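The structure appears right after this line, and notes come after that.
The values are calculated or read from the model by the stated rules, or taken from the named source; none is laboratory data. On a predicted model such as this, the values are computed, not experimentally measured, just so you know. Note that each Cβ is placed from the backbone with ideal geometry, even for glycine, and that neighbours are counted across all protein chains shown.
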Amino acid sequence: MLLSRVARPLIAAVSIANGVETLLNPKPKIEATTPLLAKTQGIVPTPPVSPAVLVQAGAAVKITAGLMMALGWAPQLAAAVLAADLIPSTVAEHPFWAPGPPDTRKAHQQHFLANCGLLGGLLLAISAPSGKRRRRKR
């Protein structure tokens, strides 16, 4: 229980900071999202949405779910939302498998693996008991 109270805000801080940074500087995220959206057109039935709106909405989700998780308000749901958001953003923003300069590919690989570690923490938060159950006296 005590570890969860410490771990949840630490994990959530990454998402909150990322969401705030995205709102302050959306251009790199928009540039990473645009090709991914183009690839999904015709495959995934979605209404047309601009990459800028999608990036801003994603930032709002990260901030909101991060705050919920940090404060212990439905932390398992918040962790699930953050995990669902982390997977496509990691693939879009850190394609270390794409051709390019070795230094860039190495940096993408490091960020990709760091996000995999964060995903592991979120999965643990999803599976952790909420701690609000009372033990029965025998």
Checklist outcome for this item: With the first residue restricted to the range 19-32 and required to be farther than 15 Å from Asp85 by Cα, and the second required to be surrounded by 13 or more Cβ atoms within 10 Å (Cβ to Cβ) and at pLDDT 95 or above, Cβ contacts under 6 Å at 6 or more apart or on different chains are Leu23/Ala59
Checklist entry - Does the range 83-92 contain at least one residue that is over 18 Å from Pro35 (Cα atoms), in a helix (DSSP H, G or I) and out of contact with any Phe, Trp or Tyr (no Cβ under 9 Å at 6 or more places or on another chain)? => result yes
Checklist entry - Which of the following residues is modelled with pLDDT of 95 or more and surrounded by 12 or more Cβ atoms within 10 Å (Cβ to Cβ): Ala60, Ala32? => result Ala60
Next on the checklist: Criterion first (modelled with pLDDT of 90 or more and either more than 30 Å from Met1 (Cα to Cα) or in a helix (DSSP H, G or I) (or both)) does Ala78 satisfy it?
Outcome noted: yes
Checklist entry - For the range 37-45, does any single residue satisfy the condition of being surrounded by 14 or more Cβ atoms within 10 Å (Cβ to Cβ), under 17 Å from the mean Cα position of the chain (by Cα) and of a type outside the set (Ser, Thr, Tyr)? => result no
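Which is closer than 23 Å to Leu124 by Cα and either among the basic types (Lys, Arg) or touching a strand residue (DSSP E or B) at 6+ places or on another chain (Cβ under 8 Å) (or both), of Lys62, Lys39? Outline the logic, then answer.
Details: Lys39 fails: closer than 23 Å to Leu124 by Cα.
Result: Lys62 is the single residue among Lys62, Lys39 that is closer than 23 Å to Leu124 by Cα and either among the basic types (Lys, Arg) or touching a strand residue (DSSP E or B) at 6+ places or on another chain (Cβ under 8 Å) (or both).
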Checklist entry - What is the residue count in the range 48-57 for residues that are among the aliphatic types (A, V, I, L, M) and either at pLDDT below 90 or under 13 Å from the mean Cα position of the chain (by Cα) (or both)? => result 4
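Is the range 101-110 home to any residue that is in a loop (DSSP other than H, G, I, E, B) and within 28 Å of Pro9 (Cα to Cα)? So that I can check it myself, show each step before the final result.
As a first pass, look at the range 101-110 and keep what is in a loop (DSSP other than H, G, I, E, B): 101.
Filter again for within 28 Å of Pro9 (Cα to Cα), leaving none.
The answer is no, given that none of the residues of the range 101-110 is in a loop (DSSP other than H, G, I, E, B) and within 28 Å of Pro9 (Cα to Cα).
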